[in-house]
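K.L.:
The structure is given below, and queries will be raised subsequently.
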Amino acid sequence: MKKTFMGLAAAASLLAGVSIASAEPVKVGMITTLSGGGASLGIDSRDGFLLAVKQSGNSDIEVIVEDDAQKPDLAVQLADKLIQSEKVDVLTGIVWSNLAMAVVPSAVAQGKFYLSTNAAPSALAGPGCNPNYFSISYQNDNLHEAAGEYANSAGMKKVFIMAPNYPAGKDSLSGFKRFYKGEVTNEIYTELGAQDYANEIAQIRASGADGVFFFLPGGMGISFMKQYAGAGVEVPLIGPAFSFDQNILQAVGDAALGVKNTSTWSKDLDNQANKDFVAAYQAEYDRLPSIYAAQGYDTANLLISAMGAAAVTDQDAFRKALEAADFNSVRGKFSFGPNHHPIQDIYVREVIKEGDIYTNKIVATALTDRADAYAADCKM
């Protein structure tokens, strides 16, 4: 069942320089995962987006939220309904890259803008790019590239790498290998949604690796981390933020302490927009935000900034307003490359415990002003 949210004049806008009065109505269709094993990712994406809309006080934004239940066929049906029946101007919210590949090409072909809060597969960054498609999160390879660079600096000579068998999983291992200079002992693709990792852990134990890089978002990461700790394997783990986001950490507990992970965002990033976001999110939802919430928040603020500069019905002007990225990102520096994917810094974080809460702190910068490996192949 869909849920519709209207922007409410509730809190002072955090968008310096945005003229809300000039905004024309925009109808947003948010398709995201709100049920099943990946629900926390979609819930945070939704909540971050809606918080920014609420703070803006903009009554000219209507957000229709739909649950894709992590099913590509359902996501396609929902997108068709939102475009054809609800007449939305903008689509957003998809978490999983296989769902994005099922929805985005058709949506932009029908003249709709798609603003990605998370999924950013390589196929949409290179030859499959489109003027109306923007990734506000990253390009799928990015965090994994940073993990490969960190593995070099940590002196890891032989690394076991593992990810689920779907587009983001393949991008993740490609990204890691693009920067890692040592030996990959094993390259394993697991079943998407798998919960039993006994076989993979046995292979890690026998591999002779001095490090393990894994990308297992949502419930997959929780299961793997618990089983890995229970098996007593002492090979250090590295992962992207998706395997160590705020919700996963609370479920994994002490098994995650000290693990290094890479991210474009962290709650301790020292800029005012981020400090305000973290405080407001905690006040609104009584929990710390995750990277998914941060990306949802930035996506809404980008949209609102563009609404202040141009009407969505003037697609060329609205596209230029999006490209300008004239908003205060919680990540600090933020701009778009020529393929509408971010140029941004990527950090190394360490899992820590603050009181009773497991969270992350930044310990290093892995890559500075990183774009992506596919921009040169984009011919917009």
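K.L.:
So residue 226 clears everything in (1) open to solvent by less than 10 Å² (accessible area, probe 1.4 Å); (2) not in a loop (DSSP other than H, G, I, E, B) except one condition, right? Which one?
P.N.:
(1)
K.L.:
Continuing with the same structure: Which pairs turn up if I take residues in segment 91-102 that are farther than 11 Å from residue 117 by Cα and look for partners that are of a type in the set (A, V, I, L, M, F, W, C) and in a helix (DSSP H, G or I) with beta carbon separation below 6 Å, at least 6 apart in sequence or on another chain?
P.N.:
97/168; 99/75; 102/75; 102/76
K.L.:
Moving on to the next point. Take the residues in segment 315-333 that are touching a residue at least 24 places away in the same chain (Cβ under 8 Å) and open to solvent by less than 30 Å² (accessible area, probe 1.4 Å); name whichever of them is nearest to residue 263 (Cα to Cα).
P.N.:
Checked segment 315-333; the qualifying residue nearest to residue 263 (Cα to Cα) is 331.
K.L.:
Moving on. Just to check your reading of the model, which residue among 247, 261 is closer than 21 Å to residue 351 by Cα and either basic (Lys, Arg) or in contact with a Gly (Cβ under 7 Å, 6 or more places away or on another chain) (or both)?
P.N.:
261
K.L.:
Also, quick follow-up: Failed condition for residue 186, given (1) open to solvent by 30 Å² or more (accessible area, probe 1.4 Å); (2) in contact (Cβ under 8 Å) with a residue 60 or more places away in the chain, with all others met?
P.N.:
In the conditions (1) open to solvent by 30 Å² or more (accessible area, probe 1.4 Å); (2) in contact (Cβ under 8 Å) with a residue 60 or more places away in the chain, residue 186 misses (2) alone.
K.L.:
In segment 199-216, what count of residues is obtained for those that are among the hydrophobic types (A, V, I, L, M, F, W, C) and either open to solvent by 60 Å² or more (accessible area, probe 1.4 Å) or part of a loop (DSSP other than H, G, I, E, B) (or both)?
P.N.:
Count: 4.
K.L.:
I need the full set of residues from segment 238-290 which are touching a strand residue (DSSP E or B) at 6+ places or on another chain (Cβ under 6 Å) and open to solvent by less than 10 Å² (accessible area, probe 1.4 Å), in order please.
P.N.:
Listed by number, the residues that qualify are 238, 239, 240, 241, 244, 249, 256, 261, 262, 263, 264, 266.
K.L.:
Right, something else. How many residues does segment 271-297 hold that are charged (D, E, K, R) and in contact (Cβ under 8 Å) with a residue 24 or more places away in the chain?
P.N.:
The number of residues fulfilling the criteria is 3.
The values are calculated or read from the model by the stated rules, or taken from the named source; none is laboratory data. Here the structure is a predicted model, which is why all the values come from computation and not from measurement. In this analysis, Cβ positions are derived from the backbone assuming ideal geometry, glycine residues included, and neighbour counts consider all displayed protein chains. In case anyone asks, the SASA skips ligands and DNA or RNA and just uses the protein heavy atoms, side chains included. Shrake-Rupley method; radii C 1.70, N 1.55, O 1.52, S 1.80 Å.
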